[in-house]
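Visitor: Can you keep this structure in mind? I'll have questions shortly.
The values are calculated or read from the model by the stated rules, or taken from the named source; none is laboratory data. What you see is a predicted model, and the numbers here were worked out from it, not measured in a lab. Cβ coordinates were reconstructed from backbone atoms using ideal geometry, including for glycine residues, and neighbour counts include every protein chain displayed.
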Amino acid sequence: DAGVIQSPRHEVTEMGQEVTLRCKPISGHNSLFWYRQTMMRGLELLIYFNNNVPIDDSGMPEDRFSAKMPNASFSTLKIQPSEPRDSAVYFCASSAPGTGYTGELFFGEGSRLTVL
Amino acid sequence: AQSVTQPDIHITVSEGASLELRCNYSYGATPYLFWYVQSPGQGLQLLLKYFSGDTLVQGIKGFEAEFKRSQSSFNLRKPSVHWSDAAEYFCAERGVIKAAGNKLTFGGGTRVLVKP
C-alpha cells in the first residue's frame, strides 16, 4: 500500500524565492498534518486539516506560510518569500477516520528544504 | 501548556544490551501517549501507544513501554537492542482538548547509537 507521499524530497532555493511542498495522504485518511523539524525546535505542528478543512493553524510561523487542501488527496505548504531560517525538514502526516482521537499518524519521508 | 520531556538527548548502548528511554508528560488526567521511531532520512513510525487499561504496552520491533501515572512517565524499553535500532525516538502525547483531534505534542527526541 502506498504511504504518505511528499515532494520534493529535497529543495534548495535562494532567499526570497517561493517554495511549494506537496503531500498526498494515504487514501481514505481524513486528517492531514504538516510538521516542521529542526535541530533547535524539534518537531513542531504547523497546521492540520480534518476533512479538508483547516482546524488549527496556530503553529504557522507567520504570514509567509500558507497551506491548502483542495481535496482529500492533496495538500500544499507554501512559503513566500522564503528565508534561511525556514531551512528544515517538513513532514506531512495523515490519519484515518475511526481512529478517533487515537493519535496514530502515518508520516511521509519528509521534504528537506535549504534556503540559501 | 502541554509538554513532553525526554531528558536524554543521546544514549549509546552496546548491541545486545538493554535499552530504556525516558519520557515525562505534563497532562496527568487520562493521557494518550505514544512512542515513534525515526530512522535516518525517514519519517516517523509508530512503535506503540497507550490509552487506558494495562499499563505495560507492547509494540513493534520488540519494544514495550510502561505507563506510570504517579511519575507522569511513559518509558520505552527493549531487553536486547539490535544494530538496526539505532535511530531517534520520540515520545508524544495527544492534544488535551478533544476537539484537538489527533494533534500530537512531541518530545525533543532521544538519539540512540548502538555500538557493535
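Visitor: Conditions: (1) assigned to a loop (DSSP other than H, G, I, E, B); (2) of a type outside the set (S, T, N, Q); (3) closer than 21 Å to A:Leu105 by Cβ. B:Gly53 meets all but one. Number of the miss?
Guide: If we test B:Gly53 against (1) assigned to a loop (DSSP other than H, G, I, E, B); (2) of a type outside the set (S, T, N, Q); (3) closer than 21 Å to A:Leu105 by Cβ, just (3) comes out false.
Visitor: Any idea which of (1) of a type outside the set (A, V, I, L, M, F, W, C); (2) buried (at least 18 other Cβ atoms within 10 Å of the Cβ); (3) away from every other protein chain (no Cβ under 12 Å) is the one B:Tyr36 doesn't satisfy?
Guide: (3)
Visitor: Continuing with the same structure: Can you pull out the residues in the stretch A:1-34 that are of a type in the set (Phe, Trp, Tyr) and touching a residue at least 60 places away in the same chain (Cβ under 8 Å)?
Guide: Filtering the stretch A:1-34 down to residues of a type in the set (Phe, Trp, Tyr) leaves A:33-34.
Correct list: A:Phe33 only.
Visitor: In the stretch A:1-70, which strands (runs of 3 or more DSSP E) lie fully inside it and hold 1 or more residues that are out of contact with any helix residue (DSSP H, G or I) (no Cβ under 6 Å at 6 or more places or on another chain) and of a type in the set (Phe, Trp, Tyr)?
Guide: On the way: elements: A:5-7, A:10-13, A:19-24, A:31-38, A:42-50, A:53-56.
Fully inside the stretch A:1-70 and qualifying: A:31-38, A:42-50.
Visitor: Filter the stretch A:39-55 down to the residues that are surrounded by 14 or more Cβ atoms within 10 Å (Cβ to Cβ) and β-branched (Val, Ile, Thr) and list them by number. First the steps, then the outcome.
Guide: First, the residues of the stretch A:39-55 that are surrounded by 14 or more Cβ atoms within 10 Å (Cβ to Cβ): A:42-50, A:52, A:54-55.
Of everything in the stretch A:39-55, those that are surrounded by 14 or more Cβ atoms within 10 Å (Cβ to Cβ) and β-branched (Val, Ile, Thr) turn out to be A:Ile47, A:Ile55.
Visitor: Just to verify a result, which residue in the stretch A:35-79, among those that are away from chain B (no Cβ under 11 Å) and touching a residue at least 60 places away in the same chain (Cβ under 8 Å), is farthest from A:Gln6 (Cα to Cα)?
Guide: A:Ile79
Visitor: Let me ask you something else. Regarding the stretch B:85-103, can at least one residue be identified that is modelled with pLDDT of 95 or more, away from chain A (no Cβ under 11 Å) and part of a helix (DSSP H, G or I)?
Guide: yes
Visitor: Only one of B:Tyr36, B:Tyr27, B:Tyr32 is under 26 Å from A:Tyr90 (Cα atoms) and at pLDDT below 95; which?
Guide: Of the residues listed, the single one that is under 26 Å from A:Tyr90 (Cα atoms) and at pLDDT below 95 is B:Tyr32.
Visitor: Here is a further query. List the number of the failed condition for A:Ser82; all other conditions in (1) modelled with pLDDT of 95 or more; (2) under 26 Å from B:Gln6 (Cβ atoms) hold.
Guide: Result: A:Ser82 fails condition (2) only.
Visitor: B:Ser52 - would you say it is crowded, with 17+ Cβ neighbours inside 10 Å, over 22 Å from A:Leu45 (Cβ atoms) and among the hydroxyl-bearing types (Ser, Thr, Tyr)?
Guide: Against the criterion (crowded, with 17+ Cβ neighbours inside 10 Å, over 22 Å from A:Leu45 (Cβ atoms) and among the hydroxyl-bearing types (Ser, Thr, Tyr)), B:Ser52 does not qualify.
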